[in-house]
Amino acid sequence: MKVTLLQRGGLAAGINLQRPPQVVDAATLDGTAAAELKALADAAMVTPASATATGKARDEMSYVITIEDQGRETILSQSDTTMSAEFGKLLGWLKRHLKSH
Amino acid sequence: MRASYCRCINCITPPHVLKKLLDNSDTRVRDAALRTLLATSRLRGERSVRSLFASAAAASSHGRRTISDCSNSTFLAAATLARSEDGPASGDESVNRAFEGLGDTRAFYSEVFDRDSLDGQGMRLNAYVHYGSEYNNAFWDGSEMVFGDGDGVLFTDFTKSIDVIAHELTHGVTEFTAGLQYHNQSGALNESMSDVFGSLVKQWVGKQTAAQADWLIGTDIFTPAIGADALRSLKEPGKAYNNPTLGRDPQPDHMSKYVNLPDNDVGDNGGVHINSGIPNKAFYLAAIGIGGFAWEAPGHIWYAALSASTASTEFQEFADTTYLKAGQLYGTHSTEQQAVLSAWKEVGIRISGVRTLAGTATRMRQAAMTNGNGHDEDSSDVARQIEQLSRQLAVLTKEVAGLKSKSKAH
Ligand SMILES: [Zn+2]
Ligand SMILES: [Zn+2]
């Protein structure tokens, strides 16, 4: 399984706009971490966004998380004000992992 | 009864009518009266009006603050109360910084523009700190502010810069005034309002003149290691940062460099945080041209233009409005109006219907001076404002009569 994270927008949109997508390949993870990622990705994929965009948020960030697993690609596009709790947990895991690697 | 009330408006001086309304038991009536009173800038400095304001002050919640702690969750509903308006200081510096930043911004809008909180009616100010994981951002969710801790690599805590806090709060002010749509040019203007007033709050707190200010946004939210000056520079858009990790500041400082980006999330809604560099630079140039404290004449001109703008206002219309407002507030051909004219010209926007041939401005100013220092325009300004106030009072009186007859029916 391969998970790609693209972060856009925010107060620092000018900086975020220039940053490439970041990739986490489960094949490079140890067994525990790979299982964590799989569980979080599975939960995020089956949970719809918690809200539809109101158009009233300013400086919020938006995220595109692409999950490639066994030849199937799932694209999740959510933002700070629309994300499900499950999407938020996957996002948090990805950011913590990407920071420490 | 309603008829006699309406006739009455013509023979009572406005402050007397307003005083009556301010004593009304209905808070909606008091707030409306207060707003009307403060809408007339000429009356603002008068002692009689000030004392009316003080007596009615208790009517509003005056932007009472509540800071909540997200404990690194993205789910705001689960956040816990960390500090309230009358509660003790927190042991958490992020909480206290957010609390103070909200207070400074609230004080700025109240003291500089006589605006009671974001909506002008004492709206409560709610903020959340420690949002999410490694969150490099702060945002306005449409009614509340949210601050991240930063990832510690690029960014640190977003409550550390007062201009960032004021930037987010100003999104609320813009929403309650012009309501500028968050796309393309109107969106870039929306962003520019937040940068302009965000910077003004920082300058006001530091009591800095336009010449002394650094005109940078977010100098304190970068980690020391990253070596960036700021998120944005109003003085030099495009030069806030330039390094291998962050890239180069993409803000244009002139219409000829306007950046066309897709109007979607990935394209920053048509580059709202990018093209804001153009109106940002115009404000900086106007402030330097006028001189002194930028929250005085320059801030008042921009605030009046924001209040007179609509959801679809673009750069040209906004520039024209600042020119118009500068004339109304400080006089046609005043140095303030000339500074506004040349500021926009320098970023590639010519004010509609104004000839900008070399020397014209000076000749016009000289002509105005020989015609009696523009006193005629000043007195007609006052007359127009009084007329406007009377109209507002008439509307208010009708509203009050309506409320009274309603409460009678109950
Ligand atoms: Zn903003
Ligand atoms: Zn009367």
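Quick note: the coordinates plus some simple rules give every number you see, no bench work behind them. Please read these numbers as outputs of a predicted model, since none were measured by experiment. So basically every Cβ, Gly included, is an ideal-geometry build from the backbone, and we count neighbours across all protein chains shown.
Taking every Cα-Cα distance in chain A and sorting them into 10 Å bins starting at zero, the pair-distance distribution P(r) comes out as 15, 49, 30, 6, 0 percent. Counting, for every residue in B:148-154, the Cβ atoms of other protein chains within 10 Å of its Cβ and taking the mean gives 2.
Which entries in the list B:K160/B:K235; A:K99/B:K160; A:K99/B:K235 go over 27 Å, if you measure between the two C-alpha atoms of each? Listed pairs above 27 Å: A:K99/B:K235. Of all DSSP-defined beta bridges confined to region B:65-160, some 45% are antiparallel rather than parallel. The mean of 1/r over all pairs of different alpha-carbon atoms in region A:33-78, once inverted, gives a Kirkwood hydrodynamic radius of 12.4 Å.
Against the empirical curve 2.2 N^0.38 Å, the C-alpha radius of gyration of region B:239-349 lands at a ratio of 1.15. If you take all other residues with their beta carbon under 13 Å from the beta carbon of B:R65, and give Lys and Arg +1 and Asp and Glu -1, the sum is 0.
For region B:65-160, how big is Rg over Rh, using alpha carbon atoms and the Kirkwood form of Rh?
Numbers: Rg = 13.4 Å, Rh = 13.6 Å.
Rounded to two decimals, Rg over Rh is 0.98.
Return the Rg/Rh value of region B:199-261, two decimal places, where both radii are evaluated on C-alpha atoms and Rh is the Kirkwood radius.
Taking Rg over the Kirkwood Rh, I get 1.02.
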